[in-house]
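Please read the structure below before turning to the comments.
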Amino acid sequence: MAQHTGLMAEATALPDGAYVTAVGDEDTLFRIKHGRRQSLKVPDIAALGLTQKDIRIVDPLVLHSMPLEDTRQRAIGREVRSYLESFLGAGHYMKSWVWLQGTTLTTTTRTETITLFGGYTGGVQVVLFDAAGNRIQHDTIRYRYGVDGRFFGSGSREDTEVFQLPQSVADRAESIVIAHYWDPKVNLVETAIAVGKIVWELIKLLQDANKRGESVNGGGQPF
């Protein structure tokens, strides 16, 4: 069984030809070539005759910091999916599933608190990136949901939203980053997203804020 100890934390530590997968997205395999990552398809992987010992498990930020070799990798019309589960402190949780099919972006979010009396309002924002990891400029996609403490009800809700994207945005979209936040922190999230032009920069900004005790989280993985 693979162990998650000794994770690669720097892209420079990955030699040419290495086979890598990221924690939290271990169903996807990449090969490193000239400082870029190549996405491998299942038939190709089977033909390589790899064993578990050949696979390096890395920090997701390491892969996000390395551009894809083929910036046109995604076939137009292929569905893109992303999922994020977050603990926002004080007994508050959010989960979001986001998928893009054609020009239709669908977001389903479960907002929950395990407290008896501590209701809160959570926010979710979705940002799209191209295959090179560059942020695609598009209209803000953001929603907010409030829940009461469990003394007053279930303490949870699930909502689905549909957003229509311009064809030009949908055609370029290769990955989706989700940001969760306790709604009073929305200004911090807006600032982070405005600054983060590359996907790994944005995720790191949000993760750093989380480590500082801010009620935010960001990232995503296929589901």
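Remarks
- Taken together, Phe151, Phe129 contain a single residue that is closer than 19 Å to Arg81 by Cβ, among the aromatic types (Phe, Trp, Tyr) and touching a Leu at 6+ places or on another chain (Cβ under 9 Å), which is Phe129.
- Counting the residues of region 189-214 that are under 22 Å from Ile114 (Cα atoms) and in a loop (DSSP other than H, G, I, E, B) gives 2.
- Taken over region 22-56, the residue count meeting the criterion of being surrounded by fewer than 18 Cβ atoms within 10 Å (Cβ to Cβ), part of a strand (DSSP E or B) and more than 15 Å from the chain's Cα centre (by Cα) is 5.
Results for (1) out of contact with any Cys (no Cβ under 6 Å at 6 or more places or on another chain); (2) part of a loop (DSSP other than H, G, I, E, B); (3) closer than 26 Å to His92 by Cβ; (4) not aliphatic (A, V, I, L, M), shown as yes or no for each residue.
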residue	(1), (2), (3), (4)
Val124	yes, no, yes, no
Tyr143	yes, no, yes, yes
Phe151	yes, no, yes, yes
Arg157	yes, no, yes, yes
Glu161	yes, no, yes, yes
Val169	yes, no, no, no
Val177	yes, no, yes, no
Pro184	yes, no, yes, yes
Asn187	yes, no, yes, yes
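- Residue check, Ile176 buried (at least 18 other Cβ atoms within 10 Å of the Cβ) and within 18 Å of Ser65 (Cα to Cα): yes
- Residue within region 57-65 that is surrounded by 13 or more Cβ atoms within 10 Å (Cβ to Cβ), within 17 Å of the chain's Cα centre (by Cα), at pLDDT 90 or above and not hydrophobic (A, V, I, L, M, F, W, C) present: no
- Residue in region 185-199 that is basic (Lys, Arg) and under 21 Å from Trp97 (Cβ atoms) present: no
- Looking only at residues of region 77-94 that are assigned to a strand (DSSP E or B) and surrounded by fewer than 21 Cβ atoms within 10 Å (Cβ to Cβ), we find that the one that is modelled with the highest pLDDT is Tyr93.
- Within region 40-63, residues that are closer than 19 Å to Leu14 by Cα reach partners that are part of a helix (DSSP H, G or I) and hydrophobic (A, V, I, L, M, F, W, C) with beta carbons closer than 6 Å, at six or more positions or on different chains, in the pairs Leu61/Trp200; Val62/Ala11.
- Looking only at residues of region 149-166 that are of a type in the set (D, E, K, R) and farther than 20 Å from Gly219 by Cβ, we find that the one that is surrounded by the most Cβ atoms within 10 Å (Cβ to Cβ) is Arg150.
- Selection count where residues are out of contact with any Gly (no Cβ under 7 Å at 6 or more places or on another chain), under 15 Å from Val127 (Cα atoms) and crowded, with 16+ Cβ neighbours inside 10 Å, scope region 191-215: 5
- Filtered residue count, region 95-148, keeping only those that are buried (at least 21 other Cβ atoms within 10 Å of the Cβ), within 17 Å of the chain's Cα centre (by Cα) and more than 30 Å from Arg37 (Cβ to Cβ): 1
The values are calculated or read from the model by the stated rules, or taken from the named source; none is laboratory data. Small disclaimer: the values here were computed from a predicted structure and weren't measured. Every residue, glycine as well, gets a Cβ built from its backbone with ideal geometry; the counts of neighbours run over all protein chains shown.
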